[in-house]
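The values are calculated or read from the model by the stated rules, or taken from the named source; none is laboratory data. The model shown is predicted, which means the values in this text are computed figures rather than measured ones. Here the Cβ positions follow ideal geometry from the backbone for every residue, glycine too, while neighbour counts run over all protein chains shown.
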């Protein structure tokens, strides 16, 4: 199973089905009921289930463009880009498609590394939607070789001994805390029907001379019977804000994401996490806090934003967190902005699929003063896949990030190479 679909539960699909509802056994008596159930799964964001049913239906209707596009969309949302490419390519040979399918196909082609062809499809889309800034940014970046290749960094995968997906590293003690898929913890967790795998927990791994030790379950108080997602530590590592899924009040078959805060006790254990903000009809996730603990950034699908998910900020004033404020159009796009982090100098890093680049989620650096547009970090930090969750070490010369470039979400170490400087020769 392609594991990148697993972390999507903490990124794009903010409202998720619970296994007790959408996963109930279905008795299929006719093709129409099969199609109805497939469409229901699709509308509920249960793309894995929808794809299975659509694949059954299309056997008898191989030329049905709507089915082809539904399968393409399912695999795109599951981040199975090669399968998505095949179905888009087949569907777009026939009738005139809607422009959104042109954009989605171009995005998938970026993810499979077919940049020249992707540029052509983005161009076709832009002819139908000339004001779309995402397509403009995509075409501009694909034509900029300095963006595609940048020799400043070296990257190496960390050999963390967890077989499933691992992502979103943050510095903690002498190692990293990260989100992992596994069953090494003390809690027995349910299986969610959408991702068909175990829930996510927080893990800790010590790092010694850039080599990881054996990972361990972080803490029973911080990990629950729900998903735990990206976290951020502050106050000398004694406070943590983490992402957690929870039932949506009054709708037990759906979930929202929320931020929880906890403090470390003198004996090293943690208090029970409490909600940082009170909200019901939308999700907030992926926290990042400044070193002084005064400003927090996070991603949310709060109504009124610029796209699917935006970055927001809140300040700690007089013992309370202020009402979150959208980070603005220079950072946010009509796409998704996710996984923020803040380095020691207060520079913001985040991932986006709306600023153009090599494909998938791209890691960018933002000047919070607004003096310039966000800068794409380029290859090898970014790739044709999804790259996200970057964190710098305090010396600002190396750090860690997540990527699915190997076919599975894993954590990589990066290091900035020494740069040769041409010394000026004085003239007499």
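What the table below lists for this structure:
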quantity: Flag for residue 107 being touching a residue at least 60 places away in the same chain (Cβ under 8 Å), under 30 Å from residue 34 (Cα atoms) and outside any loop (DSSP other than H, G, I, E, B); calculated: yes
quantity: Total residues in segment 17-64, condition at pLDDT below 85, surrounded by fewer than 20 Cβ atoms within 10 Å (Cβ to Cβ) and in a helix (DSSP H, G or I); calculated: 5
quantity: Scan of segment 354-367 for residues that are without any contact (Cβ under 8 Å) to a residue 60 or more places away in the chain and touching a helix residue (DSSP H, G or I) at 6+ places or on another chain (Cβ under 9 Å), ordered by number; calculated: 362
quantity: Check on residue 142, touching a helix residue (DSSP H, G or I) at 6+ places or on another chain (Cβ under 6 Å), outside the structural domain of residue 352 (by TED's automatic domain parsing) and under 16 Å from residue 376 (Cβ atoms); calculated: yes
quantity: Flag if residue 161 is without any contact (Cβ under 8 Å) to a residue 60 or more places away in the chain, in contact with a strand residue (DSSP E or B) (Cβ under 9 Å, 6 or more places away or on another chain), surrounded by fewer than 18 Cβ atoms within 10 Å (Cβ to Cβ) and not in a helix (DSSP H, G or I); calculated: yes
quantity: Enumeration of residues in segment 368-393 that are on the phi < 0 side of the Ramachandran plot, in contact (Cβ under 8 Å) with a residue 60 or more places away in the chain and not in a strand (DSSP E or B); calculated: 377, 379, 380, 381, 384, 385, 386, 393
quantity: Check on residue 112, in contact (Cβ under 8 Å) with a residue 60 or more places away in the chain, surrounded by fewer than 21 Cβ atoms within 10 Å (Cβ to Cβ), in contact with a helix residue (DSSP H, G or I) (Cβ under 6 Å, 6 or more places away or on another chain) and closer than 21 Å to residue 382 by Cβ; calculated: yes
quantity: Residue in segment 67-79 that is part of a loop (DSSP other than H, G, I, E, B), surrounded by fewer than 16 Cβ atoms within 10 Å (Cβ to Cβ) and either assigned by TED's automatic domain parsing to the domain that holds residue 45 or in contact (Cβ under 8 Å) with a residue 24 or more places away in the chain (or both) present; calculated: no
quantity: Flag for residue 126 being assigned to a helix (DSSP H, G or I), over 24 Å from residue 405 (Cα atoms) and touching a helix residue (DSSP H, G or I) at 6+ places or on another chain (Cβ under 8 Å); calculated: yes
quantity: Matching residues in segment 395-412 - criterion: being in a loop (DSSP other than H, G, I, E, B) and touching a residue at least 60 places away in the same chain (Cβ under 8 Å); calculated: 404, 406, 407, 408, 409
quantity: Residue match in segment 339-353 (condition: in a loop (DSSP other than H, G, I, E, B), in the same structural domain as residue 303 (by TED's automatic domain parsing), at pLDDT below 90 and touching a helix residue (DSSP H, G or I) at 6+ places or on another chain (Cβ under 9 Å)); calculated: no
quantity: Residue match in segment 318-327 (condition: under 17 Å from the mean Cα position of the chain (by Cα) and at pLDDT below 95); calculated: no
quantity: Residue in segment 83-95 that is outside the structural domain of residue 406 (by TED's automatic domain parsing), free of Cβ contacts under 8 Å to residues at least 40 places away in the same chain, closer than 16 Å to residue 335 by Cα and surrounded by 16 or more Cβ atoms within 10 Å (Cβ to Cβ) present; calculated: no
quantity: Odd one out for residue 183 among (1) closer than 26 Å to residue 391 by Cα; (2) out of contact with any strand residue (DSSP E or B) (no Cβ under 8 Å at 6 or more places or on another chain); (3) modelled with pLDDT under 90; calculated: (2)
